1. What helices (runs of 4 or more DSSP H), lying completely within the stretch A:105-215, carry at least 1 residues that are within 14 Å of chain B (Cβ to nearest Cβ) and in contact with a helix residue (DSSP H, G or I) (Cβ under 8 Å, 6 or more places away or on another chain)?
2. B:Gly113 passes all but one of (1) surrounded by 13 or more Cβ atoms within 10 Å (Cβ to Cβ); (2) within 14 Å of chain A (Cβ to nearest Cβ); (3) modelled with pLDDT of 95 or more; which number fails?
3. Does A:Lys168 count as at pLDDT below 95, more than 16 Å from ligand 2 (Cβ to nearest atom) and either exposed (fewer than 13 other Cβ atoms within 10 Å of the Cβ) or more than 19 Å from the chain's Cα centre (by Cα) (or both)?
4. Of all strands (runs of 3 or more DSSP E) completely enclosed by the stretch B:30-134, which ones contain at least 2 residues that are hydroxyl-bearing (Ser, Thr, Tyr) and more than 16 Å from ligand 3 (Cβ to nearest atom)?
5. Within the stretch A:64-81, can one find any residue that is away from ligand 2 (no atom under 16 Å from the Cβ), closer than 28 Å to B:Ala31 by Cα, within 13 Å of chain B (Cβ to nearest Cβ) and touching a Phe, Trp or Tyr at 6+ places or on another chain (Cβ under 7 Å)?
6. Only one residue in B:Glu44, B:Glu94, B:Glu57, B:Glu66 is without any contact (Cβ under 8 Å) to a residue 12 or more places away in the chain and more than 10 Å from every other protein chain (Cβ to nearest Cβ). Which one?
7. List, please: which pairs have Cβ atoms under 6 Å, are six or more places apart or on different chains, and start with a residue in the stretch A:210-232 that is within 16 Å of ligand 1 (Cβ to nearest atom) and end with one that is part of a loop (DSSP other than H, G, I, E, B)?
8. Please go through the stretch A:184-212 and give me each residue that is within 20 Å of the chain's Cα centre (by Cα) and exposed (fewer than 12 other Cβ atoms within 10 Å of the Cβ), ordered by number.
Amino acid sequence: MSSRNKLDYREVLIPKRLKAIKYILMIASGKGGVGKSLVSATTALILAKNNLNVGLLDLDFHGPSSSVIYGGLKMPSEEEEGLVPPVVEGVKVMSIDQFVEGRPIPVSGREKREIIKELLALTHWGDTDVLVVDMPPETGDVLLTSLSYLRGRRGAILVTTPSKLSLKVVDRLIRLLSETGVEILGIIENMSRLELQDKKVSPFGLEGAKELSSKYNIRFLGSLPIDPEASLYADEGKPEKLIYTRFGLELEKCLKKTVLLD
Amino acid sequence: MHELVIVSGIVEAVSDLARREGKRILTFTVAVGELASFDKNLIEELLNEVKKGSLIEDAEARIEIERAEVLCKSCEAIWGFSDLIEPLGENEREMIHFLPELVSSFSKCPKCGSRDLEIRSGRGIRVSYVEFEE
Ligand SMILES: Nc1ncnc2c1ncn2[C@@H]1O[C@H](COP(=O)(O)OP(=O)(O)O)[C@@H](O)[C@H]1O
Ligand SMILES: [Mg+2]
Ligand SMILES: [Zn+2]
């Protein structure tokens with residue numbers, strides 16, 4: 001990583017911004033398409049429902065979807081303190097998508113790092129109990145940059161599907177995070193089974209994520225079903241309904257096993 | 001107004017530098033990149049306002065405009081402000097004002113249509129020069 005420019009205003013502003021945040025919860029998966037954004041967006045809603053003051057920062061460049069899930073986000077307002085995120089269902093939400101409104105974001109790694117720094121420096125979260133961060137879906141330098149700026153009391157929840165590929169990427173992610181000293185709160189297995197009437201179908205088997213957890217002595221937080229209802233509410237932008245789906249209720253159980261909700 | 005936040009950050013960063021070096025700063029230059037369409041006079045006013053009462057109160061703040069230079073990585077043409085930013089609407093310019101890197105979301109290479117654009121210079125605001133007292 002390039003050395004820090006001490007005259008960069010963002011290096012001064014970011015630590016101050018984060019001081020107002022009690023806990024930074026990073027949701028990471030290493031790759032896209034596993035439900036990381038749906039888990040992030042729903043986690044923020046669940047925490048807010050449990051009376052926490054919550055922010056959601058969407059750094060998922062490949063598919064920033066919190067804007068859709070939250071039913072279309074207004075632009076942050078420009079105040080003296082910086083950019084103040086709009087509040088939806090009690091969650092302060094900041095996403096790159098608020099700026100590009102669904103346009104592609106064809107930027108290189110260096111440019112992504114600039115955008116992340118700028119967003120962290122300019123966003124005025126105010127006093128916040130938990131900032132949920134939908135992390136960049138990769139295991140490279142953009143992820144490392146995010147980790148290096150998101151300092152403070154922090155922990156990560158890792159999301160995987162039962163597929164071998166997803167598990168392999170999360171395996172690599174665990175090793176990377178342990179090198180950077182980020183505490184891993186646990187692993188969530190998403191899209192683990194399909195529930196058809198009384199039948200539960202688990203096309204990829206059930207043991208992968210659990211095995212991975214025990215290999216590294218990390219807590220297995222639970223598994224989330226493939227839930228067409230959750231997917232529908234996400235697409236339609238109905239966050240108020242998301243938390244009461246099977247997906248949402250199971251996710252809440254997972255979160256209750258962590259320091260966030262106990 | 002996020003300019004105020006940026007300027008406060010700059011004054012603090014320059015003050016920190018003076019403190020670390022244990023030297024007085026005579027002048028410092030702030031380069032304002034064209035891409036983000038900042039108002040140069042506003043930045044200057046804010047700098048003079050914010051540095052009052054700070055460690056660098058007496059340092060002279062200079063402002064320079066940094067020309068935008070954006071390389072198309074497909075056809076290697078180099079473009080400037082008038083090619084990429086001027087044709088855009090107010091709303092789009094506003095987004096690039098916050099996050100200059102989003103230029104590739106809103107503009108394409110005028111010659112080959114590629115969005116594979118790389119900002120060479122003139123993105124946002126940075127301190128380009130600091131002069132210490134000997
Ligand atoms: N458990 C689930 N049940 C049903 N649909 C899901 C589930 N998890 C994610 N999805 C859907 O799958 C798609 C990809 O999820 P997303 O959260 O965007 O993945 P990622 O952020 O990892 O790329 C989205 O349309 C999302 O709504
Ligand atoms: Mg996503
Ligand atoms: Zn071109």
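The values are calculated or read from the model by the stated rules, or taken from the named source; none is laboratory data. Quick caveat, the model's predicted, so the values are computed rather than measured. So basically every Cβ, Gly included, is an ideal-geometry build from the backbone, and we count neighbours across all protein chains shown.
1. Counting at least 1 such residues, we get A:109-122, A:141-149.
2. The number of the failed condition is (1).
3. no
4. Where strands (runs of 3 or more DSSP E) fall fully within the stretch B:30-134 and carry at least 2 residues being hydroxyl-bearing (Ser, Thr, Tyr) and more than 16 Å from ligand 3 (Cβ to nearest atom), they are B:125-132.
5. Checked against the condition, which is being away from ligand 2 (no atom under 16 Å from the Cβ), closer than 28 Å to B:Ala31 by Cα, within 13 Å of chain B (Cβ to nearest Cβ) and touching a Phe, Trp or Tyr at 6+ places or on another chain (Cβ under 7 Å), the stretch A:64-81 yields no hits at all.
6. One residue alone meets the criteria, B:Glu57.
7. Correct list of pairs: A:Leu221/A:Lys257; A:Ser223/A:Ser192; A:Leu224/A:Asn190; A:Pro225/A:Arg193; A:Ile226/A:Met191; A:Asp227/A:Thr245; A:Glu229/A:Thr245; A:Ala230/A:Thr245.
8. Hits for the stretch A:184-212: nothing passes.
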